[in-house]
1. Among (1) within 19 Å of the chain's Cα centre (by Cα); (2) within 12 Å of the ligand (Cβ to nearest atom); (3) more than 27 Å from Asn210 (Cβ to Cβ), there is one condition Gly381 misses while meeting the rest; what is its number?
2. Do you know which residues across the stretch 325-334 are touching a helix residue (DSSP H, G or I) at 6+ places or on another chain (Cβ under 9 Å), more than 10 Å from the ligand (Cβ to nearest atom) and not basic (Lys, Arg)?
3. Can you spot a residue in the stretch 261-274 that is under 26 Å from Val303 (Cα atoms) and surrounded by fewer than 24 Cβ atoms within 10 Å (Cβ to Cβ)?
4. Of all residues in the stretch 390-442, which are in contact (Cβ under 8 Å) with a residue 40 or more places away in the chain and hydroxyl-bearing (Ser, Thr, Tyr)?
5. Would you check if there is a residue in the stretch 53-71 being over 21 Å from Arg329 (Cβ atoms), outside any loop (DSSP other than H, G, I, E, B) and polar (S, T, N, Q)?
6. If Cys103 satisfies all but one of (1) crowded, with 16+ Cβ neighbours inside 10 Å; (2) in contact with a Ser or Thr (Cβ under 9 Å, 6 or more places away or on another chain); (3) in a helix (DSSP H, G or I), what's the number of the condition it fails?
7. Take the residues in the stretch 278-298 that are open to solvent by 30 Å² or more (accessible area, probe 1.4 Å) and part of a loop (DSSP other than H, G, I, E, B); name whichever of them is farthest from the ligand (Cβ to nearest atom).
8. If only one of Val376, Val346, Val437, Val360 is in contact with an Asp or Glu (Cβ under 7 Å, 6 or more places away or on another chain) and among the hydrophobic types (A, V, I, L, M, F, W, C), which one is it?
Amino acid sequence: MSQQTKAVVEESPALPPAPAPARLTLDGKEHELPVIVGSEGEVGLDISQLRARSGAITFDPGYGNTGACESAITFIDGEAGILRYRGYPIEEIAGRAQFTEICYLLIYGHLPTAEELKDFENQLTRHTMIHEDMKKFFEGFPSSAHPMAMLSSMVVSLSTYYPKEGRDDDLDLNVIRLLAKGPTIAAASYKKNMGQPVVYPRNDLSYCSNFLHMMFSVPAEPYEVRPVLDRALNLLLILHADHEQNCSTSTVRMVGSSQANLFASISAGISALWGPLHGGANQAVIEMLGRIRDDHGDYKKYVDMAKDKGSGFKLMGFGHRVYKNFDPRAKILKATVDEVLAELGVSDPLLEIAKALEEVALHDEFFVSRKLYPNVDFYSGIIYRAMGIPTNMFTVLFALGRMPGWIAHWREMLHDPRNRINRPRQIYTGPPQRPFVPLAQR
Ligand code: ACO
């Protein structure tokens, strides 16, 4: 790619020595597959030359066994419930760092010094405004528009305002613009739903407080952000900040591999996140808990339904492709949810249902044998609700948290000399060649 950006500064650990190549026998012929080993001992078979040498491809629907890249950003050990950003355990970061620090860490590869953070935050503060013309887009959306649709559209439309990304300085500036304008766009989407005037950003507030101000202030009454809300949002954004090659991040890399610009790539990631099997699960969890409440709180009935494959019902907020022990983010949130609700003086019947549901599911053979545990989306919605965030904004909050992760992966791909356009193969199962039948003869 022609685009250059500020270099990622990080220490590269020495990688463990690679074992001898693996051997694959196909149709009586042996092929050697080089083995690569990551800094945490993860082993991968390098099949990049497999098709050229053997004519065969690998088959892995859902990519559960496919490593699409090498990455130095986030490490997950799903069996052990480990999540680390650039080597730092999530448990040590949560509650002790600012989200802006974590953005810097993920994107630039090292924790910022006080001076670097000050400069970074200053830049974020100075780029929060969106072009006045962009307000016309909001005017055009129906008031019932889902805020995820508005966020995705508005993010790709940023590329119409900041198209000169090929120049060295523009790319880093576009990273700042995206992080700074994301909350402004998100809050404006909410205001559109509410039929209220857009609230302009305030430069004297922190990243999180400014977002809450833009969400909840109205011209007649500025909104005083309570510190507990700033803290809770900061934690939630940090817990969502990156999760290596998940569906939306892989989408960002997939789109970016064609050399599409940053805004276009991230907009695609936002769309991927929206689905209920991914980030949309936080909205789906609250809807499910509401449904159980309205059904006399009979959560056991829903556990039974989830076990019945024919019902088509799943326990939303349960299960994960990678975590097979516990999701460390869910563990942190479960410990936080009571604290936040108590400090806000909120009691939520949905929390009681969630706890009861979790308790039953965690001891049920169906869930235990399949290693299905609550994921990050299970408790996040309860906190968002207590903060006054409407349900259809939950996934938008997830997107704001995931923004630095998407950006970090996009930049990493940009600097990777081995990056090629992503283009998976397939096993064709359609009809063999047959003659075309003209319309008159059909
Ligand atoms: N409720 C009931 N059964 C489930 C659930 C669930 N939530 N999740 C998985 N299962 C069952 C499957 O039916 C399957 O059973 P089987 O082996 O008898 O066929 C088994 O557990 C394995 O599940 P898969 O669907 O194969 O797992 P996969 O890795 O493909 O999917 C996913 C993971 C999408 C997260 C899935 O667990 C799910 O749909 N969960 C609910 C949605 C959700 O919470 N998504 C958020 C994920 S976290 C995130 O993106 C931020």
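1. Answer for Gly381: the failing condition is (3).
2. Of everything in the stretch 325-334, those that are touching a helix residue (DSSP H, G or I) at 6+ places or on another chain (Cβ under 9 Å), more than 10 Å from the ligand (Cβ to nearest atom) and not basic (Lys, Arg) turn out to be Pro328, Ile332, Leu333.
3. Yes, that holds for at least one residue.
4. Thr391, Thr395
5. Restricting attention to the stretch 53-71, the residues satisfying the condition of being over 21 Å from Arg329 (Cβ atoms) are 53-63, 65-70.
After this cut, where a residue has to be outside any loop (DSSP other than H, G, I, E, B) as well, the list is 53-54, 61-63.
Imposing the further condition that a residue be polar (S, T, N, Q) reduces the set to 54.
Looking through the stretch 53-71, at least one residue is over 21 Å from Arg329 (Cβ atoms), outside any loop (DSSP other than H, G, I, E, B) and polar (S, T, N, Q).
6. (2)
7. The selected residue is His296.
8. Numbers: Val346 fails: in contact with an Asp or Glu (Cβ under 7 Å, 6 or more places away or on another chain); Val437 fails: in contact with an Asp or Glu (Cβ under 7 Å, 6 or more places away or on another chain); Val360 fails: in contact with an Asp or Glu (Cβ under 7 Å, 6 or more places away or on another chain).
So the residue among Val376, Val346, Val437, Val360 that is in contact with an Asp or Glu (Cβ under 7 Å, 6 or more places away or on another chain) and among the hydrophobic types (A, V, I, L, M, F, W, C) is Val376.
The values are calculated or read from the model by the stated rules, or taken from the named source; none is laboratory data. The shown structure was predicted, so the numbers you read here are calculated from the model rather than taken from an experiment. Counting neighbours? That spans all protein chains shown, and the Cβs are built from the backbone with ideal geometry, glycine included. Just so you know, the surface numbers come from the protein's heavy atoms only, side chains and all, with ligands and any DNA or RNA stripped out. Shrake-Rupley method; radii C 1.70, N 1.55, O 1.52, S 1.80 Å.
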